[in-house]
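Worksheet: the structure to be examined is printed underneath.
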Amino acid sequence: AQSVTQLGSHVSVSEGALVLLRCNYSSSVPPYLFWYVQYPNQGLQLLLKYTSAATLVKGINGFEAEFKKSETSFHLTKPSAHMSDAAEYFCAVSPGDSSYKLIFGSGTRLLVRP
Amino acid sequence: GAGVSQSPSNKVTEKGKDVELRCDPISGHTALYWYRQSLGQGLEFLIYFQGNSAPDKSGLPSDRFSAERTGGSVSTLTIQRTQQEDSAVYLCASSLRGGTSTDTQYFGPGTRLTVL
């Protein structure tokens, strides 16, 4: 079975500081991994996805994530936080190419302080 | 172009009443998904439609929940005899082909359901 753990329900950073949102997964098969962002009163938007190609994945809005099989992690980073990055971020896993189902983590709310 | 739209954006109902939630997918997308986002359970998969294939209903929490997709486009999620634990945001998503998680799912803004 697949599962996702996001450490920290809330993360607070200063504007301009590094953003690090943690995601660890459990999967019995090579996983596909995703990060989604949800702005207030909006649906989820795909930030980036890992589908077994390059382990360092670049997404929209300056975000990137690195797949580390040995650590079963897929942490999301951005070098410099912007006020507009304040949102909720969800990590999701899918058991490879054979499934359309996404299994989501519980989410991390990012707060950006001026 | 237009994204996934859902209506209503908010729905307040009394316990025991039936509700219908609507989803209009992106034009041309053959796959449609329903998810539920609740405080206690996070984001959960509910049901998946792909073309004319039988839907995957494995995520529906009880037989009070049902969904249909007419003409391969608009979908309606129906909850009968609503309970307070049904209170959640119901998200709809669509993707171009479906069948694989690499097919990007585009989400609508959701319907916030409150059961009093």
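Summed over the range B:6-26, residues that are surrounded by fewer than 16 Cβ atoms within 10 Å (Cβ to Cβ) and part of a strand (DSSP E or B) total 5.
Filtering the range A:79-114 to residues that are at negative phi and part of a helix (DSSP H, G or I) leaves A:83, A:84, A:85, A:97, A:98.
Residues of the range B:60-101 that are facing another protein chain (nearest Cβ under 9 Å), without any contact (Cβ under 8 Å) to a residue 60 or more places away in the chain and in contact with an Asp or Glu (Cβ under 6 Å, 6 or more places away or on another chain): B:100 alone. In the range A:42-52 there is at least one residue that is surrounded by 21 or more Cβ atoms within 10 Å (Cβ to Cβ) and more than 19 Å from residue A:4 (Cα to Cα). Scanning the range A:44-78 for residues that are assigned to a loop (DSSP other than H, G, I, E, B) and either closer than 25 Å to residue B:44 by Cβ or of a type in the set (Phe, Trp, Tyr) (or both) turns up A:51, A:59, A:63, A:72. Cβ-Cβ distances below 8 Å connect the following pairs, each with a first residue in the range B:22-50 that is facing another protein chain (nearest Cβ under 8 Å) and free of Cβ contacts under 8 Å to residues at least 40 places away in the same chain, a second residue that is in a strand (DSSP E or B) and of a type in the set (A, V, I, L, M), and a separation of six or more residues or different chains: B:45/A:103. For the range B:69-80, a residue qualifies if it is in contact with a strand residue (DSSP E or B) (Cβ under 6 Å, 6 or more places away or on another chain) and surrounded by fewer than 18 Cβ atoms within 10 Å (Cβ to Cβ), and the qualifying residues are B:74, B:76, B:78. Residue count for the range B:27-56 under the criterion of being assigned to a loop (DSSP other than H, G, I, E, B), surrounded by 15 or more Cβ atoms within 10 Å (Cβ to Cβ) and out of contact with any Leu (no Cβ under 8 Å at 6 or more places or on another chain): the result is 1.
Taking (1) touching a residue at least 60 places away in the same chain (Cβ under 8 Å); (2) within 14 Å of chain B (Cβ to nearest Cβ) in turn, residue A:100 satisfies each apart from (1).
Residues that are closer than 19 Å to residue A:3 by Cβ and facing chain B (nearest Cβ under 10 Å) were ranked within the range A:27-41; the one that is farthest from the chain's Cα centre (by Cα) is A:31.
How many of the residues in the range A:71-97 are in contact with a Ser or Thr (Cβ under 8 Å, 6 or more places away or on another chain), among the hydroxyl-bearing types (Ser, Thr, Tyr) and closer than 23 Å to residue B:91 by Cβ? Qualifying residue count, the range A:71-97: 2. Given the structure, is residue A:89 within 13 Å of another protein chain (Cβ to nearest Cβ), buried (at least 16 other Cβ atoms within 10 Å of the Cβ) and at pLDDT 95 or above? Judged against the criteria, residue A:89 is a match. Answer yes if at least one residue in the range A:96-105 is closer than 19 Å to residue B:104 by Cα, surrounded by 13 or more Cβ atoms within 10 Å (Cβ to Cβ), within 11 Å of the chain's Cα centre (by Cα) and at pLDDT 90 or above, and no otherwise. Yes, the range A:96-105 contains a residue that is closer than 19 Å to residue B:104 by Cα, surrounded by 13 or more Cβ atoms within 10 Å (Cβ to Cβ), within 11 Å of the chain's Cα centre (by Cα) and at pLDDT 90 or above.
The values are calculated or read from the model by the stated rules, or taken from the named source; none is laboratory data. Note that this is a predicted model, so its numbers are computed, not measured. Note that each Cβ is placed from the backbone with ideal geometry, even for glycine, and that neighbours are counted across all protein chains shown.
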